[in-house]
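The values are calculated or read from the model by the stated rules, or taken from the named source; none is laboratory data. Since we're looking at a predicted model, the values are computed, not measured. Glycine also receives a Cβ, built like all others from the backbone with ideal geometry; neighbour counts cover every protein chain displayed. Side chains included, ligands, DNA and RNA excluded: accessible areas come from the protein's heavy atoms. Shrake-Rupley method; radii C 1.70, N 1.55, O 1.52, S 1.80 Å.
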Amino acid sequence: MSKHRWKHEPTEILLVRDGFALAGVDAGGTPGFHGDQGHGEKELARQMSQLGDLQERLYAGRNERGDAVLLVLQAMDTAGKGGVVRHVVGGVDPQGVALAAFKQPTAEELEHDFLWRVEKRLPEAGFIGVFDRSHYEDVLIGKIHELADEAEIERRYEAIVEFERRIAASGTRIIKVMLHISKDEQKARLTERLDRADKHWKYNPSDVDERMRWDEYMAAYQTVFERTSTPEAPWYVVPANHKWYARLAVQRLLLDALKEIDPQWPAAEFDVDVEKKRLAAT
């Protein structure tokens, strides 16, 4: 019965469309999925082998086709980006995964356009690339903390759209995900980090500073969706108060992208029968 638990595909129900309002998304919901945590975890495990198979096919055929996948993860702190990387992407062959975590730009990076460092980390053919935070920080933090003037922020929206359009045209499927948690849930997760010695390393005092600007961030994300969700690079907003649901939904989005690519095993570049005879003779 687990295969029937998705009553609506995440690619449809979580897609940012015209008229989308982030304020109307229930961060505690599990849209499209009929089941509880136990069902969700079983479904995640059930689909992992298929995800791994498709990813291996993609990587094996990297010299024949130019297909790749880019998963962009954006979220407020504690929303679960690391959990998605570990429990979803971490379930496939790591040699075919390229992970990039974009932090504060270095002095060298600041000497170039904001997309310069991003271009260098795009996945090669056959890879699943994962951006743990991304170029969108330059129109989120950049806007809220006034790291660039209004004209430059406006330019960046257009630059991002053109950049992603070019990437998609090259054969890379782009999946942009915002993991959306509620303010109360973030508070609970930050509290847990303070209450547990084994989680102190995850806590950053600046998280509280950013939390105090929650409404500004939500407004900035809304603008990002309106300006940069395109057919070539759509945004998906995934409710993330339930970690199991967020992981399951992202897994499904990745699966759908790989199924669309439909990677095939590459043909042997040698005579199989001849090699069987040679091997038998040894």
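Apply 1/(1 + (r/R0)^6) to the Cβ-Cβ distance of Glu9 and Ala45, taking R0 = 30 Å, and write down the FRET efficiency to the nearest 0.05. Efficiency computed from Cβ-Cβ geometry: 0.90. Rounded to the nearest 20, the size of the Cβ-charge dipole of the chain about its Cα centre is 1100 debye, with Lys and Arg at +1 and Asp and Glu at -1. Computed over the chain with a Gaussian network model linking Cα atoms closer than 10 Å, the most mobile of Val177, Val272, Val224 is Val272.
When only the Cβ of Lys, Arg, Asp and Glu is charged (+1, +1, -1, -1), the dipole of segment 51-131 relative to its Cα centre reaches about 220 debye. With the charge dipole of the chain set up from +1 on Lys and Arg Cβ and -1 on Asp and Glu Cβ about the Cα centre, the Cα lying farthest toward the positive end among the listed residues Gly40, His135, Thr11 is that of Gly40.
For segment 81-116, applying the loop criterion from DSSP together with a ceiling of 14 other beta carbons within 10 Å to the GluC sites (Glu not before Pro) yields Glu111. Overall, the accessible surface of segment 213-282 at a probe of 1.4 angstrom is composed of carbon and sulfur to the extent of 51 percent. Relative contact order, whole percent, for the chain stands at 32, derived from Cα pairs under 8 Å and 6 or more residues apart.
Cα axis of helix 214-228 to longest principal axis of the chain: angle in degrees, 0 to 90, nearest 10? It works out to around 50 degrees.
Under 20 Å of direct C-alpha separation, and excluding same-chain neighbours fewer than eight residues apart, Lys259 reaches these lysines: Lys3, Lys7, Lys176. The phi torsions of segment 155-163, fed into the Karplus equation with coefficients 6.51, -1.76 and 1.60 and a -60° offset, translate into couplings of 4, 5, 4, 5, 5, 5, 4, 5, 4 Hz, rounded to whole numbers, with Gly and Pro shown as x.
Excluding ligands, DNA and RNA, the accessible surface per residue across the chain is 52 Å² with a 1.4 Å probe. Sequentially through segment 166-177, phi angles give Karplus couplings (6.51, -1.76, 1.60; θ = phi - 60°) of 5, 4, 4, 5, 7, x, 9, 7, 10, 10, 9, 10 Hz, Gly and Pro residues having no value and appearing as x.
For segment 217-282, the set of chymotrypsin sites (Phe, Trp or Tyr not before Pro) satisfying both a DSSP loop assignment and a count of at most 15 other C-beta atoms within 10 Å is given as Phe270. Rounded to the nearest 500, the 222 nm mean residue ellipticity of the chain from helices alone is -14500 deg cm²/dmol, with -39,500 (n - 2.57) taken per DSSP H run of at least 4 residues. Scalar couplings 3J(HN,Hα) for segment 197-204, obtained by applying the Karplus form with A = 6.51, B = -1.76, C = 1.60 to θ = phi - 60°, are 4, 6, 10, 4, 5, 7, 7, 10 Hz; x denotes Gly and Pro. Proximity of backbone amide H atoms, modeled 1.01 Å from N, is registered between Ile181 and Met76, Ala240 at under 5 Å, excluding neighbours fewer than 5 places apart on the same chain.
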